[in-house]
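**Q** One structure follows; several queries about it will come next.
The values are calculated or read from the model by the stated rules, or taken from the named source; none is laboratory data. Since this is a predicted model, take the numbers as computed values, not measurements. Cβ coordinates were reconstructed from backbone atoms using ideal geometry, including for glycine residues, and neighbour counts include every protein chain displayed. In case anyone asks, the SASA skips ligands and DNA or RNA and just uses the protein heavy atoms, side chains included. Shrake-Rupley method; radii C 1.70, N 1.55, O 1.52, S 1.80 Å.
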Amino acid sequence: VTKYAQRGVAALASATPVDSGLTASSWYYKITETNGRIEIQFCNSNIQNGCPIAIILQLGHGTGTGGWVEGRDYINPAIQPIFDEITNEAWREVTNL
């Protein structure tokens, strides 16, 4: 599980739009296990004035002058190959029982 979490963070970091590089370098993960269920959460610690920068890059945001900066879908394409790897490995495990 840790290898997928690490790959996910690397993929997100490399796909994050870069200005200062702070958002790209602020990705991290949390792994929790409850009742045999494992969950990976991908998080970003770059919060400016209470606003999660990774999310506004993804979804877009208003400007202080009334304008709009369009978001860019960089999270989903970056993380999808990791999800596919997890799915494929889980399927291999299930079918090899």
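Results for (1) charged (D, E, K, R); (2) assigned to a strand (DSSP E or B); (3) in contact with a Pro (Cβ under 7 Å, 6 or more places away or on another chain); (4) modelled with pLDDT of 95 or more, shown as yes or no for each residue.
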{"position": "A10", "(1), (2), (3), (4)": "no, no, no, yes"}
{"position": "D19", "(1), (2), (3), (4)": "yes, no, no, no"}
{"position": "S25", "(1), (2), (3), (4)": "no, no, no, yes"}
{"position": "E33", "(1), (2), (3), (4)": "yes, yes, no, yes"}
{"position": "I79", "(1), (2), (3), (4)": "no, no, no, yes"}
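**Q** Okay, moving on. Can you give me the number of residues within segment 20-73 that are free of Cβ contacts under 8 Å to residues at least 12 places away in the same chain and open to solvent by 80 Å² or more (accessible area, probe 1.4 Å)?
**A** 12
**Q** Out of everything in segment 9-19 that is touching a residue at least 40 places away in the same chain (Cβ under 8 Å) and not β-branched (V, I, T), what residue ends up being most open to solvent (accessible area, probe 1.4 Å)?
**A** S14
**Q** Say whether the condition of being modelled with pLDDT under 95, assigned to a loop (DSSP other than H, G, I, E, B) and within 25 Å of K3 (Cα to Cα) is met by at least one residue in segment 45-56.
**A** No, because not a single residue in segment 45-56 is modelled with pLDDT under 95, assigned to a loop (DSSP other than H, G, I, E, B) and within 25 Å of K3 (Cα to Cα).
**Q** Another question about this same structure. Consider segment 74-87. How many of its residues are of a type in the set (F, W, Y) and either open to solvent by less than 50 Å² (accessible area, probe 1.4 Å) or closer than 16 Å to V18 by Cα (or both)?
**A** 1
**Q** Only residues that are within 19 Å of the chain's Cα centre (by Cα) and either part of a strand (DSSP E or B) or more than 21 Å from T16 (Cβ to Cβ) (or both): list them for segment 57-69, please.
**A** Result: G60, H61.
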